[in-house]
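Asks: Got a structure for you, written out below as structure tokens; questions coming shortly.
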Amino acid sequence: MRECTLERRGSAAPERSPGIFVFLLPVFFVFYGAAAQTDPFRAPFAMPALRLPDIPGRTYDIRSFGALEGGAKNTEAIRSAIGAAAASGGGVVLIPRGRWLTGAIHLESHTGLRLEKGAELLFSQDPADYLPVVFSRHEDTECFKYSAFIYADRKTDIAITGEGVLNGQGTPWWAWKEERKDLEAKLIDMGNRDVPVNQRVFDGADGNGLRPAFFQPMRCKNILVEGVTFLYGAFWTITPTYCENVIIRGVTIETEGEGGHTPNGDGVDPSSCRNVLIEGCTFNTGDDCIAIKAGRDRDGLRVNAPTENVIIRHCRGFNGHGGIVVGSETAGGVSNVFARDCSFSGTDRIVRIKTARGRGGVLQHMWFQDLSGERVRLEGIHLNMLYTGSRLPEQPPGPATPRIRDMHFSRITQSSGQGYALEILGLPEMPVEDVTFDSLSIRSALGIHCADARSIAFSHLDVRPHSGPTVWLEFCSGVKLDAVRVPEGADPFLRVEGQGTGIVVRHTPPAGAKRMLELGRGVLPGAVNIVN
């Protein structure tokens, strides 16, 4: 692999990372030509070369297979076009300008959908159009359920590209979130009781149906989604599962806005995937913009399939719960995530790492840099191992105990926020560990809160809360604060509670602080050392 640097875009700082490993996409794609180029960059881990799908340039216009506008379902016409392309060794199925209604679309190897500018593919609101059931993951538990609107299983070299719109028309499905929540609980229980997957069937009979995803390739390789717009699906939008070599770029996803609100309307959710690039995308979501997953609870531990090697860059997000999220389905573990040069407005958080007792998995080796947020509704950065519960007395760790370690945050700005600037919530039996924060500038209602954490380093921070301590540590050890700005009138700057050792403050003059240090219950003698 050649060594090179990522070109600078907009106002982003030049890329700086500890690694020199580079991947380069080929500069030619058989039916997209030079538009398929992507910028090379450095990553802090060994990222294999990504490969664009191998799809011949033959074009199959759905009108040649009987597709009609005006409300007629074109499911069979589109399937025939895909079948003809696959039979000839692959090709491009063209969705021309106009509005075309369809049911489930199943891609074959070496085939792609291309939507012309002005084309709108509308998906049927009749659940029967997504039968028979297919192998799937629903909220990261394996099952058989309605086909995704666009689905593929064990295929290679598939794509969805163009300038058109895929409209999920998801309104009738949205009420199922509450009406059928017992079914989702039933599936989770099946997973936790090791019910065989082929017995976890949700086919819609007697109301026994689970919402389909929008685009869910399962066990596929070499996937490209580029340029298109996704509107209002029934559930998660783009969720490659057990896939390898995935490129998602220049995509717009709308699940929140004038058209309504999609429950579980996540944007991109790679689940137990390897080698993923998400770049240049725009999200306006009712849930997470990007959420990286790896299997849920006992079922995810059984499968034990991690997500590894994910690059996220040049994305924008509006509304939604989290900008860049890992979890909460973490059983297989998530490693090697590099996110840079993204901005978020009106989201609950900029970065959110979430897991809980029983979820399992190791979340590690992640870098987040050159990110920005405004009008953040909760914490700017949130590392949370108490996602489904609260702090309890220490419990014996086991296979289902998750871990969060080796995380790095740098050059992150936030102009306003209604919660903590950043918060870390570990477990007494498994503290969050080895996390660094460098060159953060955050304005927020509250400051920094860390509980059950160790080996945490803060340097060159400018965090200005409206009230409360600037830094509040509970049951933390090995915390270093170096060159952290002390806000005028801080009262106190640092509050420490609970047992912990090795808390050191350096190069942090008190400035106009009312109090530099406040010690609460359980603090051991000599636990805090302030050196200026």
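Asks: Which residue, of 427, 422, is touching a Leu at 6+ places or on another chain (Cβ under 9 Å), closer than 30 Å to residue 302 by Cα and either surrounded by fewer than 24 Cβ atoms within 10 Å (Cβ to Cβ) or among the hydrophobic types (A, V, I, L, M, F, W, C) (or both)? Walk me through it before giving the result.
Replies: Working: 422 fails: closer than 30 Å to residue 302 by Cα.
Of the residues listed, the single one that is touching a Leu at 6+ places or on another chain (Cβ under 9 Å), closer than 30 Å to residue 302 by Cα and either surrounded by fewer than 24 Cβ atoms within 10 Å (Cβ to Cβ) or among the hydrophobic types (A, V, I, L, M, F, W, C) (or both) is 427.
Asks: Can you name the strands (runs of 3 or more DSSP E) wholly within region 53-111 that have at least 1 residues being farther than 22 Å from residue 148 by Cα?
Replies: It comes to 59-61, 98-102.
Asks: Turning to a different aspect of this structure: If we only count strands (runs of 3 or more DSSP E) wholly inside region 296-396, which ones have 3 or more residues that are crowded, with 21+ Cβ neighbours inside 10 Å?
Replies: 307-313, 322-326, 334-345, 349-354, 362-374, 381-384
Asks: Considering only residues that are in contact with an Asp or Glu (Cβ under 7 Å, 6 or more places away or on another chain) and modelled with pLDDT of 95 or more, look in region 498-512 and name the one that is surrounded by the fewest Cβ atoms within 10 Å (Cβ to Cβ).
Replies: 507
Asks: Go through region 211-258 and give me each residue that's in contact with a helix residue (DSSP H, G or I) (Cβ under 6 Å, 6 or more places away or on another chain) and farther than 16 Å from residue 166 by Cβ.
Replies: Selection gives 211 alone.
Asks: Right, another one. Does residue 152 fit the bill of being buried (at least 23 other Cβ atoms within 10 Å of the Cβ), closer than 21 Å to residue 76 by Cα and outside the structural domain of residue 272 (by TED's automatic domain parsing)?
Replies: On the way: buried (at least 23 other Cβ atoms within 10 Å of the Cβ): yes; closer than 21 Å to residue 76 by Cα: yes; outside the structural domain of residue 272 (by TED's automatic domain parsing): yes.
Yes: the conditions hold for residue 152.
Asks: Any residue in region 477-494 that is under 17 Å from residue 353 (Cα atoms) and not charged (D, E, K, R)?
Replies: No: region 477-494 contains no residue that is under 17 Å from residue 353 (Cα atoms) and not charged (D, E, K, R).
Asks: Assess whether residue 68 counts as being among the hydrophobic types (A, V, I, L, M, F, W, C), surrounded by fewer than 18 Cβ atoms within 10 Å (Cβ to Cβ) and modelled with pLDDT under 75.
Replies: no
Asks: Is it true that some residue in region 41-53 is over 30 Å from residue 335 (Cβ atoms), modelled with pLDDT of 95 or more and surrounded by 20 or more Cβ atoms within 10 Å (Cβ to Cβ)?
Replies: Let us first name the residues in region 41-53 that are over 30 Å from residue 335 (Cβ atoms), namely none.
Within region 41-53, none of the residues are over 30 Å from residue 335 (Cβ atoms), modelled with pLDDT of 95 or more and surrounded by 20 or more Cβ atoms within 10 Å (Cβ to Cβ).
Asks: Can I ask one more? Just need a number here: residues in region 159-185 that are more than 17 Å from residue 117 (Cα to Cα) and under 22 Å from the mean Cα position of the chain (by Cα). Give the steps one after another, and end with the answer.
Replies: Restricting attention to region 159-185, the residues satisfying the condition of being more than 17 Å from residue 117 (Cα to Cα) are 168-185.
Right, trim to under 22 Å from the mean Cα position of the chain (by Cα) and you get 168, 170, 174, 177, 184.
Total satisfying the criteria: 5.
Asks: Working only within region 448-475, note down all residues that are assigned by TED's automatic domain parsing to the domain that holds residue 530 and over 24 Å from residue 418 (Cβ atoms).
Replies: 475
Asks: Let me ask something else about it. Cβ-Cβ under 6 Å, sequence separation 6+ or interchain: first residue in region 403-431 and outside any strand (DSSP E or B), partner surrounded by 21 or more Cβ atoms within 10 Å (Cβ to Cβ) and not polar (S, T, N, Q). Which pairs?
Replies: Close Cβ pairs (under 6 Å, with a partner that is surrounded by 21 or more Cβ atoms within 10 Å (Cβ to Cβ) and not polar (S, T, N, Q)) amount to 419/379; 426/385; 426/432; 426/452; 426/453; 428/452; 431/452; 431/453.
Asks: What is the residue count in region 73-95 for residues that are free of Cβ contacts under 8 Å to residues at least 24 places away in the same chain and either surrounded by 17 or more Cβ atoms within 10 Å (Cβ to Cβ) or of a type in the set (Val, Ile, Thr) (or both)?
Replies: The number of residues fulfilling the criteria is 3.
Asks: Going through region 277-295 one residue at a time, which ones are out of contact with any Asp or Glu (no Cβ under 9 Å at 6 or more places or on another chain) and crowded, with 24+ Cβ neighbours inside 10 Å?
Replies: Scanning region 277-295 gives 278, 281.
Asks: Same structure, new question: Taking the options 437, 368, 409, name whichever one is under 20 Å from residue 338 (Cα atoms), of a type in the set (A, V, I, L, M, F, W, C), over 19 Å from the mean Cα position of the chain (by Cα) and in the same structural domain as residue 320 (by TED's automatic domain parsing).
Replies: 437
Asks: Looking only at region 163-210, count every residue that is among the polar types (S, T, N, Q) and part of a helix (DSSP H, G or I) and tell me the total.
Replies: The number of residues fulfilling the criteria is 4.
Asks: So which residues in region 176-212 are of a type in the set (A, V, I, L, M) and either at positive phi or surrounded by 11 or more Cβ atoms within 10 Å (Cβ to Cβ) (or both), if there are any at all? Outline the logic, then answer.
Replies: Initial filter on region 176-212 (of a type in the set (A, V, I, L, M)): 183, 185, 187-188, 190, 195, 197, 201, 205, 210.
Residues satisfying the conditions are 183, 187, 188, 190, 195, 197, 201, 210.
Asks: Right, another one. Would you check if residue 59 is β-branched (Val, Ile, Thr) and crowded, with 22+ Cβ neighbours inside 10 Å?
Replies: Judged against the criteria, residue 59 is not a match.
Asks: If I filter region 220-246 down to residues being β-branched (Val, Ile, Thr) and surrounded by 24 or more Cβ atoms within 10 Å (Cβ to Cβ), which single residue comes out as nearest to residue 271 (Cα to Cα)?
Replies: Taking the candidates together, the pick is 241.
Asks: Is there any pair linking a residue in region 196-214 that is β-branched (Val, Ile, Thr) to one that is surrounded by fewer than 15 Cβ atoms within 10 Å (Cβ to Cβ), with Cβ under 9 Å and at least six apart or on different chains, and which?
Replies: Partner pairs satisfying both residue conditions: 201/208.
Asks: Would you mind stating whether residue 402 is modelled with pLDDT of 95 or more, buried (at least 24 other Cβ atoms within 10 Å of the Cβ) and not charged (D, E, K, R)?
Replies: Criteria met by residue 402.
The values are calculated or read from the model by the stated rules, or taken from the named source; none is laboratory data. It should be emphasised that the depicted structure is a prediction, and the values quoted were computed from it without experimental measurement. Here Cβ is always computed from backbone atoms with ideal geometry, including for glycine, and neighbour counts include all displayed protein chains.
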